[in-house]
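Scroll down for the structure; my scribbles are underneath it.
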Amino acid sequence: STLSSARKFLSSHLTKASSTVETCVVIDATIGNGHDTLFLAEQVQPNGKVYGFDIQNDAITATRSRLQAANLLPIVELYRLSHDRFDEVLPKVHLGHIQAVMFNLGYLPHGDPSIITQPSTTIAALSKMTHWLASGGIITLALYTGHPGGQEEAASVIKWATSLPAKSFQVMWQQILNRNHAPSLVVIEKK
Ligand code: SAM
């Protein structure tokens, strides 16, 4: 699936990064029920750090208990804050050293389907994150087109990602061709 594909890209980069940098810093930009936050924490433990963002309280609560149950809460900071404001809370020493960012766009599964990620904040977050990403760092985005607003958001992300300078970034777009409305995956790697 698209999500397991995202995890493969992240896992191969984070295995390398965790063994070369002192603190492997990663961001979950859309924590939701916390499955990806847990995955990221498992990848960077014991010395790494995960910063997670969501605008819904339910997401913070669900994710906190998931991480607690796995004994990984100590390496995770969760913020009820829009992801485009991550630079207000991330310790300044981490700027420029972010190894990976994961976006899973759309709405919270089993939550309020009207609360969705929005093109303007998604692109604002992406612009800042590509700027502060470490060299070799990667950003994955799962793009959904099945909900109202999804198609527009996917189109703006693709347009923005297409415009990234090829000398500094490699951008890939992976799609499942034989399923309707399967999420597609964008992977941005900073050179
Ligand atoms: N990866 C999650 C998981 O494993 O359960 C699912 C993420 S869900 C598809 C998208 C999430 O993005 C929702 O929980 C929603 O509240 C959140 N969201 C929407 N707008 C946001 C924003 N501006 N900043 C951060 N999170 C946002």
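Throughout, read-outs are computed from the coordinates displayed, never taken from laboratory work. This is a predicted model, so every value here is computed, not measured. A quick note on method: Cβ atoms are made from the backbone with ideal geometry, for glycine too, and the neighbour counts reach across all protein chains shown.
Miscellaneous remarks
- Of all the numbered requirements in (1) part of a helix (DSSP H, G or I); (2) touching a residue at least 24 places away in the same chain (Cβ under 8 Å), T30 misses one, and that requirement is (1).
- Per-region count, region 89-127, residues more than 14 Å from the chain's Cα centre (by Cα) and among the small types (G, A, S): 4
- Given (1) near the ligand (Cβ under 9 Å from one of its atoms); (2) buried (at least 19 other Cβ atoms within 10 Å of the Cβ), index of the condition K49 fails: (1)
- Pair list, Cβ under 8 Å, 6 or more apart: region 91-111 residue closer than 18 Å to L10 by Cα and among the aromatic types (F, W, Y), other residue part of a loop (DSSP other than H, G, I, E, B) and within 7 Å of the ligand (Cβ to nearest atom): F103/A29; F103/T30; F103/T117
- One residue from S127, S120, S135 being closer than 22 Å to I27 by Cβ, free of Cβ contacts under 8 Å to residues at least 60 places away in the same chain and assigned to a strand (DSSP E or B): S135
- Residues in region 109-139 that are of a type outside the set (F, W, Y), farther than 18 Å from K159 by Cβ, away from the ligand (no atom under 11 Å from the Cβ) and out of contact with any Lys or Arg (no Cβ under 8 Å at 6 or more places or on another chain): H131 only.
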